[in-house]
Each structure stands twice: as C-alpha cells, then as structure tokens.
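Bear in mind these aren't lab numbers, they're just calculated from the coordinates by the rules spelled out. Note that this is a predicted model, so its numbers are computed, not measured. Here the Cβ positions follow ideal geometry from the backbone for every residue, glycine too, while neighbour counts run over all protein chains shown.
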Amino acid sequence: MYNQEQSSSEHQHHNRLSPIRIGRIDYTNVWPIFYHFRPALTKAPLELVPAVPSTLNQAMRTGEIDMGPISSFAYGESSDRYALFPNLSVSALGRVNSILLFLKKPLREALRGTIALTTTSETSVNLLKIIAQKCYEETPTYVPMAPDLDAMMEVADGALLIGDHAIRASWANKTYEVIDLGECWRQWTGHWMTFAVWAVRKEVIERHPDDIKQIVEAFEQSKLRSLADPTPLIEEAVQTIGGTHAYWHHYFSHLNYDFDRPQQQGLQLYFQYAYELGLIDHQVHLELWSENMVG
C-alpha cells in the first residue's frame with residue numbers, strides 16, 4: 001500500500017511540474033483579461049502560448065493547450081471536454097464594433113446572393129448563418145476568403161470581417177453599408193451574444209485544482225484592473241493598431257467580460273439555433289468550473 005501511495009504522489013509531482021499551457025490570442029477584444037495577467041504572481045507552473053483564434057481552438061481540442069479564450073462555437077463543438085470559467089468571456093449586448101458585415105446591396109438582397117466569409121472565426125460565421133436562416137429565412141452562397149475587404153467585394157455582395165481586420169476596414173470604409181452582427185442579434189432576440197469563452201480542459205482541472213483557482217483569480221484581477229483604468233490599453237491600441245483614443249475608449253467600454261446568467265442565456269440560445277440548423281450535431285449544455293468540481 002505504501003508503495004502505491006508513493007508512486008501516486010510521484011505521478012502527481014510529475015504532473016505538477018509540467019506547466020499549464022495557456023493560449024493567448026492578440027485580438028484587442030481579449031486584451032483587458034490578459035493585460036495585467038502576470039504568470040509569475042500565480043505560483044503555478046505556467047506557459048503562455050501565442051496563437052491565432054483558429055489554431056488556439058484546434059490546439060485546445062487536441063490537448064496541446066490546456067486553457068484559454070476559445071471561440072464560443074469551438075466550445076460548443078467539444079463542450080464535453082471543457083469547463084468554462086464563470087466570470088470571463090468576450091460578450092456584448094448590442095454593438096460589438098468588430099464583427100461587421102459589409103454590404104454592396106440592401107441586407108435581404110445580399111442574403112439572396114453571395115457572402116464572402118472571413119476564415120478566422122467560426123462563431124461569427126455561424127452567427128451570420130443563424131441570422132440569415134432563422135431571422136431572414138435566406139440561405140446565401142458562402143465563399144470563405146482571407147480577410148481582405150477589397151478582394152472579398154470583388155466576388156461577393158457582402159463580406160464578413162472580424163476583430164482588428166473589421167475595425168481597420170470600418171475606419172477606411174467610404175463605400176459600403178456596415179451591419180454589426182452583435183446589434184443584429186440583439187434587435188432580433190433581445191439577448192446578449194458571447195463571442196469567446198474562457199475554457200479549461202477537464203483533465204487539467206483534475207491534475208491542477210489549486211493552480212486553476214489561482215489562475216482564474218489572476219485573470220479576474222486583470223479584468224478588474226483593466227476596467228477600472230483602461231488608459232494603458234487605449235494607449236497601446238492607438239500605438240499598435242491606430243485610431244483615436246475616443247474610438248478605443250468606446251470600444252473597450254462597450255464590450256463585456258463577464259459570464260453571468262444573461263450572457264449564458266444568450267449563448268444557450270445561439271447553441272440551440274446552431275443545433276436546429278445542423279451547424280452543431282448535439283445539444284450543448286454549458287458546464288461551469290467551480291472550486292469543488294474535482295472529486
């Protein structure tokens with residue numbers, strides 16, 4: 001019996017030594033949660049792994065990354081593998097300012113034609129498909145393309161861009177009507193829309209229960225500091241991406257980083273529609289991390 005316990009504790013010791021890999025995407029919409037996050041302060045063995053959203057979603061699925069912000073749709077596809085942190089997300093009630101549909105024609109007409117889709121976001125792509133089919137009862141032809149508005153508009157009636165590509169294109173745009181999908185969703189359903197969630201693989205919770213608690217608290221502290229004083233984020237956004245202080249102040253203040261009942265209800269509705277349209281092949285139930293999840 002003694003030897004068994006010893007080997008078990010050695011196994012745990014080994015697992016404690018292997019770092020928890022946290023995926024980090026550099027989209028401005030997640031900056032507030034990462035900006036003041038300092039791995040050294042958590043005492044947990046951590047490694048921050050930079051990635052673009054699509055590769056982060058994939059790396060989480062395969063276990064190369066243990067936790068991080070993943071697209072809501074990627075969570076829905078593999079929801080049985082993950083738990084969600086209850087106070088962290090990228091959500092909006094209405095305008096998001098970075099999930100934008102650019103149109104050559106009136107919306108309903110464009111939805112009867114061709115829409116070029118960014119290849120960088122499953123959540124927004126599927127949100128557009130849900131709005132087109134459920135709200136407008138239209139099924140456009142979709143063409144996946146690299147996020148280049150001019151090239152997209154050469155072949156399509158509308159183009160969906162997200163993140164910093166959408167923001168830059170909206171600044172330069174003098175030609176096209178622009179529809180904010182977050183606002184479109186709110187007007188139609190009355191609900192919040194959550195674009196990214198903070199997920200952790202369940203086996204990592206089993207291995208590192210105390211570390212996970214510290215990490216969650218550190219991310220929440222970063223979020224609170226960023227919201228209390230967004231000036232450093234605004235300065236950095238102006239320097240690295242462009243635009244005005246006023247624009248970024250408005251941008252950060254209109255996103256929401258919580259994941260409480262209102263955000264959860266909006267996301268549950270999104271998943272329900274995705275299931276009804278066959279975009280996801282199973283009913284999705286949100287599972288939230290809590291300190292007593294293990295055991």
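Explain nothing, just the number: relative contact order of the chain, from Cα pairs under 8 Å at least 6 residues apart, as a whole percent. Please report the intermediate quantities before stating the final value.
Values: 516 pairs, mean separation 84.7, N = 295.
Value for the chain: 29 percent.
Within 10 Å, count the other beta carbons around each residue, average over each peptide in 219-227, 234-242, and list them highest first. Don't skip to the end; give the middle numbers.
On the way: 219-227: 17.8, 234-242: 14.4.
In decreasing order of mean packing, 219-227, 234-242 become 219-227, 234-242.
Where both residues lie in the chain, what percent of DSSP beta bridges are antiparallel, nearest 5? If you can, show how the numbers build up before the last one.
Details: 22 of 37 bridges.
Bridges in the chain that DSSP calls antiparallel: roughly 60 percent.
Given [x] 74, 74, 30; [y] 74, 43, 32; [z] 70, 53, 34 as candidate values of Cα extents along the principal axes in Å, which corresponds to the one derived from the coordinates?
The listed entry that was calculated here is [y].
Is the shape of the stretch 252-292 best called rounded, prolate or oblate, per the rule: a/c under 1.5 gives rounded, else a/b larger than b/c gives prolate, else oblate, with a ≥ b ≥ c the square roots of the Cα gyration tensor eigenvalues?
Oblate.
Please enumerate, by chain and number, the lysines with C-alpha under 25 Å from the C-alpha of Lys43, excluding those fewer than 8 residues away in the same chain.
Partners within reach: Lys202, Lys213, Lys223.
Enumerate the calculated ³J(HN,Hα) couplings along the stretch 80-93 in order (Karplus 6.51 cos²θ - 1.76 cosθ + 1.60, θ = phi - 60°), each rounded to whole Hz, writing x wherever the residue is Gly or Pro.
Once θ is set to phi - 60°, the couplings for the stretch 80-93 become 5, 8, 10, 10, 10, 7, x, 10, 10, 6, 10, 10, 8, 10 Hz.
Let me know the shape class of the stretch 118-186, please: from the alpha-carbon gyration tensor, a ≥ b ≥ c as square roots of the eigenvalues, rounded when a/c is under 1.5, otherwise prolate if a/b is greater than b/c, or oblate.
Values: a/c = 1.57, a/b = 1.37, b/c = 1.14.
Prolate is the answer for the stretch 118-186, as a/c is 1.5 or above and a/b outweighs b/c.
How about the stretch 24-82: which trypsin sites (Lys or Arg not before Pro) there are in a DSSP loop, with at most 16 other Cβ atoms within 10 Å of their Cβ?
Values: sites: Arg24, Lys43, Arg61, Arg81; in loops: Lys43.
Those satisfying the criteria are Lys43.
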